[in-house]
Structures are given as C-alpha cells and as structure tokens.
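Everything below concerns the one structure shown next.
The values are calculated or read from the model by the stated rules, or taken from the named source; none is laboratory data. This structure is a prediction, so every number in the text was calculated from the model and none was measured. Using ideal geometry, Cβ is built from the backbone for each residue, glycine included, and neighbour counts are taken over all protein chains shown. Surface accessibility is based on the protein's heavy atoms, side chains included, excluding ligands, DNA and RNA. Shrake-Rupley method; radii C 1.70, N 1.55, O 1.52, S 1.80 Å.
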Amino acid sequence: MFADTKLLPPDPILGLTKLFQDDPRPDKIDLGVGVYRDINGTTPIMKAVAQAEANVTAKQTTKAYTPTDGAPGFGPAILDLIFGKDSETLSAGRAAAVQTPGGCGALRLAGELANSQGAASLTLGEPTWPNHVPLLSAAGLKLNSIPYYDRDANAVDFEAFKAGVSKLGPKDVLLLHGCCHNPTGADLSTEQIDEIATMAAAQGFLPLVDTAYHGFSKDLDADAYMVRKFSADLPEVLITYSCSKNFGLYRERTGALIYVGPNADNALAVKSHATSLARRNYSIPPAHGGAIVAEILSDAALTALWREELSEMAKRVQGNRRLLARTAENFGLHNQLSFIAEQAGMFSLLPLTDDQLRAMRDEHGVYIVGGGRINLCGVNENNVEHLVRSFKNATAP
Ligand code: LMR
C-alpha cells in the first residue's frame, strides 16, 4: 500500500524551525513559528502556569477519562473569560464550550460541525494562516477566498472584503480572526466589525471567529469585542479558541470550540453534535492543559498573576513593533516599515518577494514564513540592526 509513497515537503511554518535549528550562523534570526519569546529568545513557562500545574498534580487522584467536553471546570471558565462574567449571552445559557486538542482541533471540529449541518461553503479573507486551508478543507468544506489585505497599503482592504462578504447567504460560513490577524497583524476596527455584524444579521451567514491570540492586542475585554458583538447581535456564532499563546500551553494542545445559539436548548443540542463528532475522531481531549487553565481561572491570585504576565508579553511584542519601525527609520528606510508599529499581535507581513525572502534566509540567516510573515517576538535590541540591514540589502534595487 505504501511502497510508492513520496516524501512530502516540510510544513511551511513548523518546517522552518528545523531549518533554523540546523543553521550554524551565530547571528541567525528566527521570525518563523508563532510562539512568544523573551529577550533571550526563550519561550518561558508562565509563573501562573507553573504554579497551577503544581496544584493540579498535587490534587490529582486519577487518570480515568474526563467528561466528553473536557477537563472539569475548563469550559465554564473559558466562557467567562471570553464573554465576561456579566454577559447576557452567558446568563441566557446561549453559549456552550467543548474542550479541543488546541486551536487546530477546534477549527477541525468547527468545520466538521458546519459540514454536518449542511454548510455550503466556508469563505476566508486572503491572506490567512496557511494551516486554515488544509484544516478546514479536510473537514469537508468547500473553501472560497475573498480579499482582506492590501499589500501596497499595508492595511485591511475593507471595501474589497465587504464586496466578498456581500455575496454570502444563510448556508455560508465566514471565517474571521477575532484579534491579532495572522499573518497580517491588521485587524478590523470596531466600526468595521459592527458593519460585518449588520451584514450577517441581514444575509444570515454564520461567522466562525478564530481566536488564537486573546489578550495580545489591547486587553482581554477589548480583544473579545468581535465575539461579544456577534453573540449579542446574531442568533448563531461559532468560535474557536486557543490557549497556546495566551497561557503559553503550546504543546499541551489546549483549546475550545464554542457555539452560541438562539437559546439554551439549541446550544446544548449543537454541543451534543460537537462531542459526538469528536468521539468519532479523537474521542476526548487531553486533560492536562485544560486542568491548568481551569485551576488558574478559578483562583483569584493565579488569575491576577496570569493577567499580569499576559499583559507584559503583549507589551513586549508592541515594544518590538516600535523598535523595528524606529530602527528602519534610523537606517533611512523612510516610512517603509512604519506600518508595523500600528499593527497588533505577533505578526506582520514584510513587503518582500519570494527571491528577497530567500536572500534574507540564505545570505543573512533571517528566517521568515513564506509570503513575508514575521513573528515580532523574534525581534530584540540585539538583533534588530542585523534584521533591518538584511532587509535593506535584500530589497536594494
Ligand atoms: C503560527 O501561526 O505560527 C502558529 O499558530 C503555529 C502553527 O501551528 O502554525
């Protein structure tokens, strides 16, 4: 059966890490995979996570299966975090959460759920996170692309995006990034989110809000604006949530699929389909990361510590944005990279052709994801000049 199987190319994002690790150059720079890094280039375990993990291990009495919707306490804690404790969506019982193996598991389950209920297509703004396409098409959905970002203006092309959205109807799903758009760093404004909510209410399409960087833009409340607005205004919303970045739980594969329905009975009915689809796939999610998140969010002191650490991480990434933009100015790149200081989250797109990207890697040891996506966490005081010099060199006429 497998005699003629050919080797596949490495993953466009995860494969870059291996290339970087194998590069012997001491001044190499990793701007690839989306993980947080501190000034030393390491991805630390958050203090709140380490403390919660110790508590979880100390309290643990069994490794028997968890309930099908995940670690006890995880779902309600995540719902409170996303919607806020005073949310009318929550008090009406309209939201239901299922723990998933990371944000990827949530997306796959969301795609399968929409497919199982007769979705005609899923529409993505271009560009999007490269893994959205294989993940959601593997869930059986027909994918359509519409424009999202204007690479010349380094900004959202809202008119073009709206023109694409205006064609959607009740059987269509629209994928949106809740905050910290991956790969562009260019988010919809609150006014633009309001416009999309109005269009969804009139046209009946289902928004699927991918929320993988909650807390990395402004703060946990402001970053949940899209989710809260859609849930207040629309009868149905799907949300995929990742705890990889904001809890630093990458390898613990901790995420959630959340459904908001018109009423509590409907939310429970749809949740039962989500857990049934999961049962056919991976059965139940891994418990450890979910237990850590539940422990943090059920303890006021741990929650305060975690919020503080998350806010520090977000501030550092914003600081790196300003550092890169300022250094580019100092190198005479008049406004060429100034847009980076205005964007949000870990990523922005550098205006580079494929040849220039290759030159950045081969000649200068700067590792950037295809299409020009950089992870701002990889920028620091020690390497920013090398990065800007390389950019200037690679883009010189
Ligand atoms: C990224 O975009 O780099 C991260 O979400 C990691 C991944 O799985 O691609």
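Mind jotting down the distance between the C-alpha centroids of the range 13-71 and the range 75-152, whole Å?
Taking the Cα centre of the range 13-71 as reference, the centre of the range 75-152 is 23 Å away.
Using Cα pairs closer than 8 Å and at least 6 residues apart in sequence, work out the relative contact order for the range 245-397, in percent.
The value is 19 percent.
When we measure straight from the Cα of K392, which aspartates and glutamates land under 20 angstrom away, once same-chain ones fewer than 8 places off are left out?
Filter leaves D27, D30, D152, E329, D354, D355, D362, E363, E381.
Would you work out the charge dipole size for the chain about its Cα centre, treating the Cβ of every Lys and Arg as +1 and the Cβ of every Asp and Glu as -1, and quote it to the nearest 20 debye? Walk me through the intermediate numbers first.
Numbers: 36 positive and 44 negative charges, 162 e Å.
About 780 debye.
Over 38 Å, how big is the tail of the calculated P(r) for the chain, in percent of all Cα pairs?
19
If you fit an axis through the alpha-carbon atoms of helix 190-203 and take the longest principal axis of the Cα set of the chain, what angle between them do you get, 0 to 90°, nearest 10?
Once rounded, one gets 50 degrees.
Ignoring any ligand, DNA or RNA, what whole percent of the accessible area of the range 269-397 comes from carbon and sulfur when the probe is 1.4 angstrom?
Working: 2690 of 5580 Å².
Within the range 269-397, the accessible surface is 48 percent carbon and sulfur.
Given contacts defined as C-alpha pairs under 8 Å and at least six residues apart, what's the relative contact order of the range 218-314, whole-number percent?
23
Could you check how much of the accessible area of the range 1-52 is carbon and sulfur, as a whole percent, using a 1.4 Å probe?
Whole-percent figure for carbon plus sulfur exposure: 66.
Mind grabbing the accessible area of K59 for me, 1.4 Å probe, Å², rounded to tens?
Its heavy atoms expose roughly 130 Å² to the probe.
For F339, tell me the accessible area in Å² from a 1.4 Å probe, rounded to the nearest 10.
My reading of the accessible area for F339 is about 20 Å².
Would you list the P(r) distribution for the range 114-196, with all Cα-Cα distances sorted into 5 Å bins from 0 and each bin expressed as a whole %?
With a bin width of 5 Å, the distribution comes to 3, 14, 26, 25, 19, 10, 3, 0.
Return the Rg/Rh ratio of the range 1-107 with Cα-based radii and a Kirkwood Rh.
Details: Rg = 20.5 Å, Rh = 18.8 Å.
Radius of gyration relative to Kirkwood radius: 1.09.
Please compute the per residue accessible area over the range 244-368 with all protein chains in place, 1.4 Å probe, rounded to a whole number of Å². Display every interim value, and only then the final one.
Details: 5390 Å² over 125 residues.
Per-residue value: 43 Å².
Once phi is turned into θ = phi - 60°, what whole-Hz ³J(HN,Hα) does the Karplus curve with 6.51, -1.76 and 1.60 give for every residue of the range 353-363, x standing for Gly and Pro?
Per-residue couplings from phi come out as 7, 4, 5, 5, 4, 5, 5, 4, 7, 6, 8 Hz.
Could you give me the ³J(HN,Hα) list for the range 163-175, computed from phi with Karplus coefficients 6.51, -1.76, 1.60 and θ = phi - 60°, whole Hz, x at Gly and Pro?
4, x, 5, 5, 8, 7, x, x, 9, 9, 10, 10, 7
Which of the residue pairs K85/K271; K47/K218; K85/K162; K142/K271; K162/K218; K162/K271 have a Cα-Cα distance greater than 27 Å in the structure shown?
Details: K85/K271 21 Å; K47/K218 21 Å; K85/K162 32 Å; K142/K271 23 Å; K162/K218 25 Å; K162/K271 31 Å.
Pairs exceeding the cut-off: K85/K162; K162/K271.
Return one whole number: the accessible area per residue of the range 88-231 in Å², for a 1.4 Å probe.
35
Quick one: helix 384-394 against the long Cα principal axis of the chain, what's the angle to the nearest 10°, folded into 0 to 90?
So the inclination is approximately 70 degrees.
Would you mind calculating the relative contact order of the chain from Cα pairs under 8 angstrom and at least 6 residues apart, reporting the percent as a whole number? Please report the intermediate quantities before stating the final value.
Working: 721 pairs, mean separation 98.8, N = 397.
Reported relative contact order: 25 percent.
By accessible area of protein heavy atoms, probe 1.4 Å, what ranking do D150, D233 get, highest first?
Greatest to least solvent exposure: D233, D150.
In whole Hz, with x marking every Gly and Pro, tabulate ³J(HN,Hα) for the range 120-130 from phi via Karplus 6.51 cos²θ - 1.76 cosθ + 1.60, θ = phi - 60°.
My calculation for the range 120-130 gives 7, 6, 10, 9, 10, x, 9, x, 9, 4, x Hz in order.
Kindly sort R361, R326, R321 by accessible area of their heavy atoms, largest first, with the probe set to 1.4 Å.
R326, R361, R321
Sort D223, D69 by heavy-atom solvent-accessible area, probe 1.4 angstrom, most to least.
D69, D223
Working out 0.36 nm times the residue gap between E191 and R307, then minus their Cα-Cα distance, what length gain in nm do you get to one decimal?
My answer for the length gained is 39.1 nm.
With all protein chains present, calculate the accessible area of E342 using a 1.4 Å probe and round the result to the nearest 10 Å².
Looks like 150 Å² after rounding.
Pop the C-beta distance of A232 and N393 into the FRET formula with R0 = 51 Å and round what comes out to the nearest 0.05.
With a Förster radius of 51 Å, E is 0.55.
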